[in-house]
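Novice: I have a structure I would like to understand better, so I am pasting it below and will then ask my questions one at a time.
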Amino acid sequence: MTYMAEDEVTPEQLAAIAAENEEPEPVNYKPPAQKSVKEIQELDKDDESLRKYKEALLGSGVAEADPSTPNVQVTRMSLICESAPNPLVLDLQGELEAFKKQAFILKEGVEYKIKISFKVNREIVSGLKYVQQTYRKGMKIDKSDYMVGSYGPRPAEYDFLTTMEEAPKGVLARGNYVIKSKFTDDDKHDHLSWEWNLNIKKDWKD
């Protein structure tokens, strides 16, 4: 019996995978006009029930954040997988270029989620989105858009979890994937972009 070497996938097979993963373009969505935290706090300030609602959303008082700090800071990305022998975490406040030289190892067929940890420092941000594009041997084979939502400023970090994903499996699926990630919003602000590698193997210690 002959075995195919890992990563011996043809351009035709990659094109077929890409076509299978194709998703329809999203409908154009026009976000509402953005208001600052200060404007929102000033609105209807005599309406007690609205005041309580805004306090629940924004906190009783937003501390003045350092104006030189970005409004949205993406701090960490984690792969949450119950069967992983070690934590799979990228510190996104460090040297992003270094991730291109290392890879997360994922056992084929396992279920996992991606967790993005981020902070909102000064103003409410609406329509946050996590976008990732997956490449194999230089060809784009998949694109995923995750709606993260709208968030107000607070000292503590927020965590966003994607839906459950399943790592590809089989001889053709094994090998290295380059993933280009971006954290953006309705106004198309690029809060952070980073590139990382995912290596699908037969086993964790393969």
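The values are calculated or read from the model by the stated rules, or taken from the named source; none is laboratory data. The model shown is predicted, which means the values in this text are computed figures rather than measured ones. Cβ: placed from backbone, ideal geometry, glycine included. Neighbour counts: every protein chain shown. Ligands, DNA and RNA are stripped out before the accessible areas are found, and what is left, the full protein with its side chains, is counted by its heavy atoms. Shrake-Rupley method; radii C 1.70, N 1.55, O 1.52, S 1.80 Å.
Novice: With the requirement that a residue be among the charged types (D, E, K, R) and over 17 Å from residue 20 (Cα atoms), what does the stretch 124-136 give you?
Specialist: Scanning the stretch 124-136 gives a single hit, 129.
Novice: Further question: Among the residues of the stretch 86-107, which ones are within 21 Å of residue 200 (Cα to Cα) and either buried (at least 17 other Cβ atoms within 10 Å of the Cβ) or aliphatic (A, V, I, L, M) (or both)?
Specialist: Listed by number, the residues that qualify are 88, 89, 90, 98, 99, 103, 104, 105, 106, 107.
Novice: Going residue by residue through the stretch 138-148, is there one that turns out to be more than 30 Å from residue 15 (Cα to Cα) and free of Cβ contacts under 8 Å to residues at least 24 places away in the same chain? First the steps, then the outcome.
Specialist: Of the stretch 138-148, the ones more than 30 Å from residue 15 (Cα to Cα) are none.
For the stretch 138-148, residues more than 30 Å from residue 15 (Cα to Cα) and free of Cβ contacts under 8 Å to residues at least 24 places away in the same chain: absent.
Novice: Residues of the stretch 141-154 being under 25 Å from residue 187 (Cβ atoms) and more than 13 Å from the chain's Cα centre (by Cα), which ones? Reasoning before the result, please.
Specialist: Of the residues in the stretch 141-154, the ones under 25 Å from residue 187 (Cβ atoms) are 143-154.
Listed by number, the residues that qualify are 150, 151, 152, 153, 154.
Novice: Among (1) within 18 Å of residue 79 (Cβ to Cβ); (2) open to solvent by 40 Å² or more (accessible area, probe 1.4 Å); (3) out of contact with any strand residue (DSSP E or B) (no Cβ under 7 Å at 6 or more places or on another chain), where does residue 110 come up short?
Specialist: In the conditions (1) within 18 Å of residue 79 (Cβ to Cβ); (2) open to solvent by 40 Å² or more (accessible area, probe 1.4 Å); (3) out of contact with any strand residue (DSSP E or B) (no Cβ under 7 Å at 6 or more places or on another chain), residue 110 misses (2) alone.
Novice: Can I ask one more? Take the stretch 148-177 and flag every residue that is open to solvent by less than 50 Å² (accessible area, probe 1.4 Å) and in contact with a helix residue (DSSP H, G or I) (Cβ under 8 Å, 6 or more places away or on another chain).
Specialist: The answer is 152, 153.
Novice: Which one of these is among the basic types (Lys, Arg) and within 18 Å of residue 17 (Cα to Cα): 143, 119, 113, 188?
Specialist: 143
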